[in-house]
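Note sheet for the following structure.
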Number of protein chains: 2
Amino acid sequence: MAHCHVLFYFCIMDISEFVKNGDQYFLPNLSIDLVIIGYSDAKLKCLLLKIGKKWLLPGGYVQRNESVEDAAQRILKSRAGLEDTFLKFLAVFGSEDRQFKSFLEQFAINEHIHLDQKSWLTDRFVSLTYYALVNYEEIFPTTGDFDEAFGWFDFKNLPEMWMDHNTIVNTARIQLITDIQHEYHAHNLLSESFTMPELHKLYETILGDRIDRSRFQKKMLSTGLYKRLPKLNKNTPGRKPYQYRAKK
Amino acid sequence: MAHCHVLFYFCIMDISEFVKNGDQYFLPNLSIDLVIIGYSDAKLKCLLLKIGKKWLLPGGYVQRNESVEDAAQRILKSRAGLEDTFLKFLAVFGSEDRQFKSFLEQFAINEHIHLDQKSWLTDRFVSLTYYALVNYEEIFPTTGDFDEAFGWFDFKNLPEMWMDHNTIVNTARIQLITDIQHEYHAHNLLSESFTMPELHKLYETILGDRIDRSRFQKKMLSTGLYKRLPKLNKNTPGRKPYQYRAKK
């Protein structure tokens, strides 16, 4: 009984109460959806949840007494279990026919609950979307008690998703490509310390293209954003690249 | 009786009906605010409306049967009278205490209308903000029938504004500086045809800094985004710079 948008409300209310009167606690017609991006095995991945036969992005609603930004962080924390995660606003998805009808019907069947056609949940929703860059190794997604599943999917091999969520993920992918040309946030996808070859490989993966390695390293180091760490004792033979860490 | 957010609804409903039951026609808790930016006399300017003793951004609400994007365009068109205006999403302003109370009280006094404390208008509003780049010369802002005023204000000399609107304008100013480093949309602030010295001066104004003129021109022309126009007959003496136009 712990699904997607609903997972986070059990501390507050019963699920029937949520379906019936949730708009007393949350802003109506407004949802938050998160594209949680990880990086593993030289591939970009996205964290998705399964409801019925399709998948969807982790998301939720904005409590009436919390800011939109806090809501996004709360939902991310509930899902990924991380504090201080890199989170960036992506886009508004606000088409006039954007509603959850087919998804909610599936959900109601799964949960054996009655879904009134006048429920606030069946109304139109404008989605505020964010993307998060997380260290795949440190993420422990939260699962629910019942038939919920989660999974990491390769950006290039996404499953069928509910509503416009495929479009949202694709928008995040394109935005990430744009953003890394002038922001330096991609290292959030790596461990806290990383080598320049690792960062280089990450950029190549995001851009889907080759990048000249020595020019890349020179450019990254010239930003002054990365601190070189002291050399570890080398007990193994061969040359080892320096480790770096992003400055605060 | 034609104020800011309210101006655009007279074709649909009476103002008392709007205050009382507007959320039957518009999404509740969600507003749109526009930072309409013009350029004149080597200064960046912002179009503001006056209500009572303070000013505010042109804005409105999203009709239940229109997309968020269409709502922003509709509001911009109503205000500035222009089609196909350059409009870009800016940011979400979603703090939990964001409501219009003091503004609405002033508005109700001006309009001699009763404002129920339970009106949807007195509730919290999340604002979706956009910035528009317009040709100052072609803009004819729409005024209302009563005590509304509008004015263009220098970005560096803004008046006191309602709510968080000063912050929104400042956010737009900073975003514009970031955006022109990697987007090529600033020419929307000029006439349809312009010279490279004019474009150069505009960039210097936005950045608040000097830019090497020949390097700037070289960079702009190398983008291939600007089409050089045929030379006009020169009836006046002296060398004239070429005119350019942005390609579609």
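The values are calculated or read from the model by the stated rules, or taken from the named source; none is laboratory data. For clarity, every value in this text was computed on a predicted model and none was experimentally measured. Please note: Cβ atoms are built from the backbone with ideal geometry, for glycine as well, and neighbour counts cover all protein chains shown.
Residues of the stretch B:99-122 that are within 14 Å of chain A (Cβ to nearest Cβ) and in contact with a Ser or Thr (Cβ under 8 Å, 6 or more places away or on another chain): B:Gln99 alone. For the stretch B:99-121, residues that are surrounded by 15 or more Cβ atoms within 10 Å (Cβ to Cβ) and of a type in the set (Asp, Glu) total 1. None of A:Ala91, A:Ala132, A:Ala108 is assigned to a helix (DSSP H, G or I) and of a type in the set (Gly, Ala, Ser) except A:Ala108. When B:Gly81 is tested against the conditions (1) closer than 25 Å to A:Ser67 by Cα; (2) touching a residue at least 40 places away in the same chain (Cβ under 8 Å); (3) under 19 Å from the mean Cα position of the chain (by Cα), the lone failure is (1). For the stretch B:22-52: of the residues being farther than 19 Å from B:Thr167 by Cβ and more than 14 Å from chain A (Cβ to nearest Cβ), which is surrounded by the fewest Cβ atoms within 10 Å (Cβ to Cβ)? Checked the stretch B:22-52; the qualifying residue surrounded by the fewest Cβ atoms within 10 Å (Cβ to Cβ) is B:Asp41. Scanning the stretch A:24-78 for residues that are hydrophobic (A, V, I, L, M, F, W, C) and either over 29 Å from B:Arg64 (Cβ atoms) or in a loop (DSSP other than H, G, I, E, B) (or both) yields A:Ile36, A:Ile37, A:Ala42, A:Leu44, A:Cys46, A:Leu47, A:Leu48, A:Leu57, A:Leu76.
Considering the stretch B:62-98, the residues that are under 28 Å from A:Phe26 (Cβ atoms) and away from every other protein chain (no Cβ under 11 Å) include one that is surrounded by the fewest Cβ atoms within 10 Å (Cβ to Cβ), namely B:Arg74.
Considering the stretch B:123-138, the residues that are among the hydrophobic types (A, V, I, L, M, F, W, C) and either over 30 Å from B:Ala42 (Cα atoms) or facing another protein chain (nearest Cβ under 10 Å) (or both) include one that is surrounded by the fewest Cβ atoms within 10 Å (Cβ to Cβ), namely B:Val126.
Only a single criterion out of (1) farther than 22 Å from B:Gly38 by Cβ; (2) of a type in the set (D, E, K, R); (3) buried (at least 18 other Cβ atoms within 10 Å of the Cβ) is not satisfied by B:Arg173, namely (1).
So that you can scan it fast, the table gives a plain yes or no per residue for (1) modelled with pLDDT of 95 or more; (2) surrounded by fewer than 15 Cβ atoms within 10 Å (Cβ to Cβ):
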| position | (1), (2) |
| --- | --- |
| A:Phe146 | no, yes |
| A:Phe155 | no, no |
| A:Pro159 | yes, yes |
| A:Trp162 | no, no |
| A:Thr167 | yes, yes |
| A:Ile177 | yes, yes |
| A:His182 | no, yes |
| A:Lys201 | yes, no |
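Run down A:Arg245, A:Arg213, A:Arg173 and say which single residue is more than 26 Å from the chain's Cα centre (by Cα) and among the basic types (Lys, Arg). Of the residues listed, the single one that is more than 26 Å from the chain's Cα centre (by Cα) and among the basic types (Lys, Arg) is A:Arg213.
One line per residue, one yes/no per condition, for (1) among the aromatic types (Phe, Trp, Tyr); (2) assigned by TED's automatic domain parsing to the domain that holds B:Val35; (3) within 28 Å of B:Gly22 (Cβ to Cβ); (4) touching a strand residue (DSSP E or B) at 6+ places or on another chain (Cβ under 8 Å):
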site: B:Phe89; (1), (2), (3), (4): yes, yes, yes, yes
site: B:Lys101; (1), (2), (3), (4): no, yes, yes, no
site: B:Glu111; (1), (2), (3), (4): no, yes, yes, no
site: B:Ser119; (1), (2), (3), (4): no, yes, yes, no
site: B:Leu128; (1), (2), (3), (4): no, yes, yes, yes
site: B:Tyr136; (1), (2), (3), (4): yes, yes, no, yes
site: B:Gly151; (1), (2), (3), (4): no, yes, yes, yes
site: B:Asp154; (1), (2), (3), (4): no, yes, no, yes
site: B:Leu158; (1), (2), (3), (4): no, yes, no, yes
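Which of the residues belonging to the stretch B:184-199 are part of a helix (DSSP H, G or I), of a type outside the set (S, T, N, Q) and crowded, with 16+ Cβ neighbours inside 10 Å? Hits for the stretch B:184-199 are B:Ala186, B:His187, B:Leu189, B:Met196, B:Glu198, B:Leu199. Here B:Lys218 passes the criteria (1) in a helix (DSSP H, G or I); (2) basic (Lys, Arg); (3) in contact (Cβ under 8 Å) with a residue 40 or more places away in the chain except the one numbered (3).
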